[in-house]
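What follows is a set of notes on a single structure, which appears directly below.
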């Protein structure tokens, strides 16, 4: 499968994006390459990506995809920039914009940045610097501009903030600079060919053609996980790990937190997980948990207060242990709570999980766990949440859905009286 992340450099209607083995995605953002549908042997063509309105695609995400056997091709926009940065690690760059980045002729993401409509329409509203430079060079070669006027006009156009560099703004700058002949020349070329001077488009089409050809040059051996595996990357992978279970596609992290909060027996699940990790460490010899505990503390503290292993939700065996008590009703609740959280984000501009009250979340956990303030940290630790403050932060995502459940049950109860 060929996964193309694009928009607005190419429209969805582009014929080269029509083959059945091409899956078209919106501009890439942080987390997109964790998608389970992107598998070893697939090709990712990275063209466009967001970076202003949402977190940008991280370098480590690209390296991890390469490491698991995905060919990643970059061109035209953020793809060209990332390919120039990651070509030593096996990312394949295509096109003149990528080449200009590699040679140091251009630098910075402002070269390829464009404004895009907020309603999701795949259309650039502004001119990127790379296209303007190319058009000006074409005008110079045609004798419309000389070197000095080309440089002056480029500097004036580049000074416009990228979301404001519309065609109208380009014409206004040309008038102010006295370059009406260039403006007429450019307008005529655009009348003949609306893609005139669109260097980004040309590079994007070249990258898609290479992916469709299927005969990409080798990019070196498989990367070692040490290239991308960091604490941050493992956190990202947990956030974006999803699975389809019982007809529901759910966040694995949401499922885990739900069990840690609501399963009365979760203390036993976490204890079993700690024993499993002790007997099956990533490195070194496996030992009984009691043996490790005696060595470290003399056995004075429970294991959950001493050992806090990071959970990797990509590890299917670990996930099976951690979610052993999960029921279909639990999964339905996780889906319902995720929908409630999405609804809160849509209905309340600026709403984030962090905005959920710490005090309210803490009171709900104390009530659910039937513990006092004195026992709060110990209960959170026994459930794998380390301490009370961490438990509060983890549980906030569940609060909107839980409150909806409580309200619905209250209304149902009152309605039956």
Report yes if some residue within the range 321-338 is without any contact (Cβ under 8 Å) to a residue 24 or more places away in the chain, in a helix (DSSP H, G or I) and surrounded by 11 or more Cβ atoms within 10 Å (Cβ to Cβ); otherwise report no. no
Residues being part of a loop (DSSP other than H, G, I, E, B), free of Cβ contacts under 8 Å to residues at least 60 places away in the same chain and surrounded by 18 or more Cβ atoms within 10 Å (Cβ to Cβ): count how many of those fall in the range 30-41. 1
Selection from the range 346-365 of residues assigned to a helix (DSSP H, G or I), free of Cβ contacts under 8 Å to residues at least 40 places away in the same chain and closer than 17 Å to residue 257 by Cβ yields 358, 360, 361, 362, 364
Out of (1) surrounded by fewer than 18 Cβ atoms within 10 Å (Cβ to Cβ); (2) under 21 Å from the mean Cα position of the chain (by Cα), the one residue 341 does not meet is (1)
Residue in the range 272-310 that is farthest from the chain's Cα centre (by Cα), counting only those that are surrounded by 14 or more Cβ atoms within 10 Å (Cβ to Cβ) and either in contact (Cβ under 8 Å) with a residue 60 or more places away in the chain or on the phi > 0 side of the Ramachandran plot (or both): 302
Residues of the range 89-138 classified as modelled with pLDDT of 90 or more, under 23 Å from the mean Cα position of the chain (by Cα) and in a helix (DSSP H, G or I), total: 3
Those residues of the range 71-92 which are without any contact (Cβ under 8 Å) to a residue 40 or more places away in the chain and within 29 Å of residue 124 (Cα to Cα) amount to 72, 81, 82, 83, 84, 85, 86, 87
Apart from one, (1) within 30 Å of the chain's Cα centre (by Cα); (2) under 17 Å from residue 263 (Cβ atoms); (3) modelled with pLDDT of 95 or more all hold for residue 392; the odd one out is (2)
Sole miss for residue 62 among (1) in contact (Cβ under 8 Å) with a residue 60 or more places away in the chain; (2) in contact with a strand residue (DSSP E or B) (Cβ under 8 Å, 6 or more places away or on another chain); (3) not in a loop (DSSP other than H, G, I, E, B) is condition (1)
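For the condition closer than 25 Å to residue 155 by Cα and in contact with a strand residue (DSSP E or B) (Cβ under 7 Å, 6 or more places away or on another chain), what is the one hit in 94, 114, 70?
114
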Report, by residue number, each residue of the range 1-22 that is more than 22 Å from the chain's Cα centre (by Cα) and modelled with pLDDT of 90 or more. 14, 15, 16, 17, 18, 19, 20, 21
Would the range 42-53 turn up any residue that is touching a residue at least 60 places away in the same chain (Cβ under 8 Å) and outside any loop (DSSP other than H, G, I, E, B)? yes
Condition test on residue 342, is it assigned to a helix (DSSP H, G or I), in the same structural domain as residue 261 (by TED's automatic domain parsing) and without any contact (Cβ under 8 Å) to a residue 40 or more places away in the chain? yes
Within the range 1-20, residues in a loop (DSSP other than H, G, I, E, B) and either under 19 Å from residue 82 (Cα atoms) or in contact with a strand residue (DSSP E or B) (Cβ under 7 Å, 6 or more places away or on another chain) (or both) come out as 1, 6, 7, 8, 9, 10, 12
Kindly indicate whether residue 73 is in the same structural domain as residue 58 (by TED's automatic domain parsing) and modelled with pLDDT of 95 or more. yes
Please go through (1) in a loop (DSSP other than H, G, I, E, B); (2) touching a strand residue (DSSP E or B) at 6+ places or on another chain (Cβ under 7 Å); (3) farther than 20 Å from residue 87 by Cβ for residue 23 and return the number of the only condition it doesn't satisfy. (1)
Scanning for something touching a residue at least 12 places away in the same chain (Cβ under 8 Å) and farther than 26 Å from residue 80 by Cα, does the range 153-162 turn up at least one residue? no
Looking only at the range 167-201, which residues are under 25 Å from residue 48 (Cα atoms) and touching a helix residue (DSSP H, G or I) at 6+ places or on another chain (Cβ under 9 Å)? 167, 169, 170, 190, 195, 196, 197, 198, 199, 200, 201
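The values are calculated or read from the model by the stated rules, or taken from the named source; none is laboratory data. It should be emphasised that the depicted structure is a prediction, and the values quoted were computed from it without experimental measurement. Backbone-built Cβ (ideal geometry, glycine too); neighbour counts: all protein chains shown.
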